[in-house]
Each structure stands twice: as structure tokens, then as C-alpha cells.
1. Mean shadow of segment A:183-234, computed from the convex hull of its alpha carbons, in nm²?
2. Between A:His4 and A:Trp228, 0.36 nm times their residue separation minus their Cα-Cα distance comes to what?
3. Once you have the Kirkwood Rh of the protein assembly as shown from its Cα pairs, apply Stokes-Einstein at 10 °C and 1.306 mPa s and quote D in µm²/s.
4. Hydropathy at least 1.0 by Kyte-Doolittle, axial extent at least 27 angstrom from the Cα trace: which helices of chain A, defined as entire DSSP H runs, fit?
5. Between segment A:1-67 and segment A:111-145, what is the separation of their alpha carbon centroids in Å?
6. Using a 10 Å cut-off around each Cβ, can you sort A:Arg159, A:Arg82, A:Arg102 from fewest to most neighbouring Cβ atoms?
7. Counting every Cα pair in segment B:46-107, what percent are over 18 Å apart?
8. To the nearest 10 degrees, how steep is helix B:45-59 against the longest Cα principal axis of chain B, on a 0 to 90 scale?
Amino acid sequence: MTPHRTAFLRGLLAALPMVVVVGPFALLFGVVATEAGLNVAETMLFSVSVFAGASQFAALQTMQENAPVLVVLATALAVNLRMVMYSVTLAPHFGELPLRSRALMAYFLVDQSFATTMAEIDRRPAMTAQEKRAVFFGAVVAVAPLWFLASLAGALIGRAIPPDYALDFALPITFLAMVAPMLRSLPHLAAAGVSILLSLLLAGMPYGTGLLVAASIAMAAGAGLERWLEGRRA
Amino acid sequence: MIDKSTFWIVMPALAAGTYAIRFSFLGTLGARPLPGWLTRSLRYTAVAVLPALVAPGVLWPAATGGETDPARLSAALVTLAVGVATRSTMAAILAGGGTLFALLALTG
């Protein structure tokens, strides 16, 4: 086997356990989107064009609350801001590849492909840029087709589920389940705490703007506390 | 129900914005390091946005007309607790969903 093919397979295998999360998550998105009034084609177009689960859920929720377009976009894009870090981190490894390679990788830059690629680069720092790219796309092949297919399955199932199944609460549960494992340090806990407290206090602000204020201050609280703790250690 | 005209503006704009975020540094050859305060803040985006997104709906669910609902509140707390304890998103979803349906069936 060529080094590229083995790198591709290593990426594929390393990302394989992640299908346990990606599949049900996409399924749930399909169900919730159709329950919110989107048809199957709209749901699929949404999943294919945006291809970022958490922000798609965030957009669904704020649109259901009839928030204005700008608030919906600000909220959903805020959820995706972490990918700036992914883009920064990957850039030096792939800078020498042709632009169309990097443009394609950008579309497929998700939590799973990023995590897999960085872990593999850690393990084998001597890989060429082409091998690293093969690892990246191995991970993509493990999760992306599943994301699309499971969204479709969810959209088709969603049309068959009667609306009185408390599915209004599928979104909150999913978001809380995503956040809980991230609460691994004091600053993360503080950010989440400030976020909850302020969003409740500011729930009366018009057009869901309270959410944006709460999230901004919570972000600053987390970053500020991290900096302060580092300062004390130093 | 989602307003379709909102959806048809949000979807392409969110797609373009998300792509721009992903392409930002990867696409511009740049290995320019970001300032420290910025990377530090970016680390906290998810934990800052997602709880604010759900907290009001957990305490005052739209489905019950804003009345605090013990079943939904307990389900949220169980989800959070199991997620923190197991570090597993799937386990947290299953535990929270199970709690919700069990309590709704009991009180329903």
C-alpha cells in the first residue's frame, strides 16, 4: 500500500468510533427540523450547505422562537466560532497544498476531522502534507456520508412522528448533553454558570438579544478567569 | 413553526458564514498566530453560547405556556449530571430523554 493509502485508512479507523455520536445526532436533526416545519428537501439542503450540527440546531431553535434573521445568524455563527481555532491550527500543516485542496478541506472541517487529524499529526509528526491530507479525508469519509444519510433518515422519520411527543425538549437535552462533557475546568464551569444566570435574568430582552449579551459576557468570564488563574500560577 | 422567508435567508447566509470561518486561515496560507486573548476567548464559545440558548426554555418551556414543568426541569438536570459524570454526550441524551418520557408518562 502507498503511504497515502495507509494514512487515509488510519484517519478512517481513528474516526470510526465517532459514528456513534454523529449518526444519532444527525438523525435527531432530521426529526427536529421536520417537526419545526421544514420539508425533507429543505432539511437536506440545510445539512449539506451548512454541515455544522450544533449551529444548525441553534438556528432551528432561534427561528422557532421567531427571532429576527440577524439574531438567528449571530447565535448560530457564534456556535461555529470555535472553528476559527481549527482553521488556525491546521493552516501551517497544509499551507503548501494547492488552494482547491484547502478549499475542499475547509468545507469538511468539523470537530471529528479536526480532532482525528491533530491526534494523528501528534503521533507521526514526520508525515508529509499529502499524508496529513489523506488522514483528514479518511476521517471525513468515516463521518460525512453518515451525517447526510442519517439527516435524511431523520427527516423521513420525523414526518411520521405525531407532534405530541415532547420533542420540543429534544433540543435542550441535546445541547446540555454536548456542553456537560466540556465542563472540565473552573473557567469552563464559570462560563457556563454566567451563561445560564444571565440568560435567565435577560430573558425579557427583545428578539432574543439577551442570549447574545449573556453569551458574550460568559465568554469573557471564562477567558478572564483562565488568565487570572494562569497569572496566579506563574 | 419556522417562517419560511426567514429560513431562506438564514440558510444561505449561515452556510456562507460558516464556510468563511472554516476557510479563514486554512485558505489564506496564513500561519499567523492569533493574539492570546482571542484564542482564549474562542475556547469558551461553546460553553458560553449553548447554555444561554437553552436555560430560559428549560425553566419556562414554551410547550407548557411558560409554566415551569417538573418533568422537563428534572430531565435537564439529569442530562447535565450524567454528561458531567460520564463525559459522554450519548449517555447524557439517553438518560435525559429517558427521564423526560418516564416522568411525562407518570404525570401525564
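Bear in mind these aren't lab numbers, they're just calculated from the coordinates by the rules spelled out. Because the structure is predicted, anything quoted here is derived from the model rather than measured. Every residue, glycine as well, gets a Cβ built from its backbone with ideal geometry; the counts of neighbours run over all protein chains shown.
1. Details: hull surface 13.5 nm².
Mean projected area for segment A:183-234: 3.4 nm², to one decimal.
2. 76.2 nm
3. 77
4. Details: long enough: A:129-158 (42 Å, 1.31); A:209-233 (37 Å, 0.48).
Those that clear 27 Å and a mean of 1.0 are A:129-158.
5. Each part's Cα centre sits 19 Å from the other's.
6. Sorted ascending by nearby Cβ count, the order is A:Arg159, A:Arg82, A:Arg102.
7. Distances greater than 18 Å cover 37 percent of the Cα pairs.
8. The two axes meet at around 20 degrees.
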